[in-house]
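So the structure is just underneath, and the comments pick up after that.
The values are calculated or read from the model by the stated rules, or taken from the named source; none is laboratory data. Fair warning: this is a prediction, and the values are worked out from it, not measured in the lab. Neighbour counts run over all protein chains shown; Cβ positions are idealised from the backbone, glycine included. In case anyone asks, the SASA skips ligands and DNA or RNA and just uses the protein heavy atoms, side chains included. Shrake-Rupley method; radii C 1.70, N 1.55, O 1.52, S 1.80 Å.
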Amino acid sequence: MSIDLEGYSLSFSDEFTGSYLNTSVWGTKYWWGGRTLASNGELQYFADRSTQVIQQNPDVDPFSISSDPKQAGDGILTITASPSPDTRLTDGLPYVSGLINTYGTFSQTYGYFEISAQVPSGQGLWPAFWLLPQSGNWPPEIDVLELLGHAPSTYYVGSHWKDAAGKHTFDTQDVATGIDLSQGFHSYGTLWTADAITFYLDGTEVYSMRTPPGMNEPMYLLAGLAVGGNWPGAPDETTQFPAEFQIDYIRAYARSIKPTISGNEDPNSLVGDKVSTALNDIIFAYGGRDTLEGLKGNDTLSGGKDADIFVYQATSTGNDVILDFDAAGGDVVRITKAIAGQKNFSGLYRMIKDNAEGEAVLKLADGGSITFDGVRKAQLSFDDFFIA
């Protein structure tokens, strides 16, 4: 069965234009600072231009972008693995390679996630594309692409989770393609919903599984080229370096749900469904499914029960606070591109930072802000915003 994205819209995309990796979008080490996974027995050090090994040996920089000969204006990111020129600069590890991830810049609950890439072949090479929780928890994990370089006609998909007893459980499925995947670009995708996780190769379904319990939190994207490890084994004399993992694009899609503007259903409420003045106002809505707009001034907004819409249009400004934003309960911030200063969610998400109290603060293009009282940035996802 072919992938059908009707009802979905693009929520994240990097076509890898420009001269170098956009490090305002992509992190190049694990969120905790790690540059390898020793628990996997990996032999590579994930380097970048901030590391001494690249500063002293720029020729082994793992990241480069070249023009895409098939798409004018687009590029191809190459992640290159090479022998370490000095293991004293790579924590004793014998190889240098690259990792990219969107921790802190993009995460999403449910949707379709896809990479177009040409994988390397060779004993001990381990290219991958996967999803991990923005919260830093593990598991869960969704593996969209894992390939062992000594067998480039087979790749692996699956997920990890905790069962009812809290035990780590996983489902990893091998996909025998009958072709050498290292000889060209292919798209590897997964459609993750509340009910199922379905995997696709070049738009055609290859495996599907029920979504495990607890796999319902925002996840970010990772792609990288590991070398060695308990699963693929170490490189040998047949492995050719430098080895290249080439990525044409990485994209994410989310359901296109436009909020319906509906009224306050509680006839006793005097403050729901109201817009404020240009002063510093307090707006409370006690009924369900309310629409609140602060207009100018520093406003305090509370939607009350059920899913509410907090509107920020061309006349909105000020430093507003939403007291009871329910990121998991259907509340939505409806914001214009002019106010947000961004055209899509991935750009908007980069403008959100946790303040000293651990509360998410969205900086607006007009100098104002929205503070989500009691809500961390990691709890917010594409579903919580509608950019008009």
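Please compute the modelled spin-label separation between residue 216 and residue 23, points set 7 Å along Cα→Cβ, answer in nm with one decimal.
It works out to 3.9 nm between the two label points.
For segment 328-388, state what percent of all Cα-Cα pairs lands in each successive 10 Å bin, counting from 0 Å until the bin that includes the largest distance.
Per 10 Å bin, starting at 0, the Cα pair percentages come out as 23, 60, 17, 0.
For segment 1-71, max minus min Cα coordinate along each principal axis, in Å, sorted largest first?
Between the extreme Cα coordinates on each principal axis of segment 1-71 lie 47, 33, 23 Å.
Name the residue, out of 206, 157, 227, whose mean-square fluctuation peaks in a Gaussian network model built on the chain with Cα pairs under 10 Å.
Maximum among the listed residues: 206.
If ligands, DNA and RNA are left out, what is the accessible area of residue 10 with a 1.4 Å probe, given in Å² to the nearest 10?
90
With a/c under 1.5 counting as rounded, go ahead and sort segment 1-42 into rounded, prolate or oblate using the C-alpha gyration tensor (a ≥ b ≥ c being the square roots of the eigenvalues; past the cut-off, prolate if a/b is larger than b/c, else oblate).
On the way: a/c = 2.88, a/b = 1.54, b/c = 1.87.
It comes out oblate by the Cα gyration axes.
Which value in nm describes the separation of the simple spin-label points at residue 138 and residue 50, placed 7 Å from the Cα toward the beta carbon?
My value for the distance between the label points is 1.9 nm.
Quick one: how many lysine pairs does the chain have with C-alpha atoms less than 20 Å apart and a gap of 8 or more or different chains? Give me the count, please.
For the chain, qualifying lysine pairs total 18.
Note the listed values (1) 36, 29, 17; (2) 32, 29, 18; (3) 42, 23, 19, then indicate which one is semi-axes √(5λ) of the Cα gyration tensor in Å calculated from this particular structure.
The listed entry that was calculated here is (3).
Given the options 76, 179, 100, which has the most mean-square fluctuation in a GNM of the chain, springs set between C-alpha atoms less than 10 angstrom apart?
179
How much net charge surrounds residue 251 when only other residues with a Cβ under 11 Å from its Cβ are counted (Lys, Arg +1; Asp, Glu -1)? Intermediate results must be reported in sequence, preceding the final value.
Working: positive: none; negative: 14, 15, 114, 248.
Its environment carries a net charge of -4.
Over the C-alpha atoms of segment 1-154, what are the Rg and the largest Cα-to-Cα span, Dmax, in Å?
For segment 1-154, the Cα-based Rg and Dmax read 16.5, 52 Å.
What number, rounded to the nearest 500 deg cm²/dmol, is the helix-based mean residue ellipticity at 222 nm of the chain, given -39500 (n - 2.57) per DSSP H run of at least four residues and division by all its residues?
Working: 3 runs with 15 residues, N = 388.
Value at 222 nm, helices only, nearest 500: -500 deg cm²/dmol.
Among 153, 11, 24, which one moves the most in a GNM of the chain with springs linking Cα atoms closer than 10 Å?
24
What is the dipole size for the chain, taken about its Cα centre, with +1 at each Lys and Arg Cβ and -1 at each Asp and Glu Cβ, in debye to the nearest 20? Let's see the in-between values first.
Values: 23 positive and 48 negative charges, 116 e Å.
Roughly 560 debye for the chain.
Given a cut-off of under 8 Å on Cα pairs at least six residues apart, what relative contact order in percent is computed for the chain? Write out the running numbers ahead of the final one.
Values: 1035 pairs, mean separation 64.1, N = 388.
Value for the chain: 17 percent.
Given segment 30-84 reduced to its alpha-carbon atoms as identical point scatterers, what log10 I(q)/I(0) does the Debye formula return at q = 0.15 Å⁻¹?
-0.56
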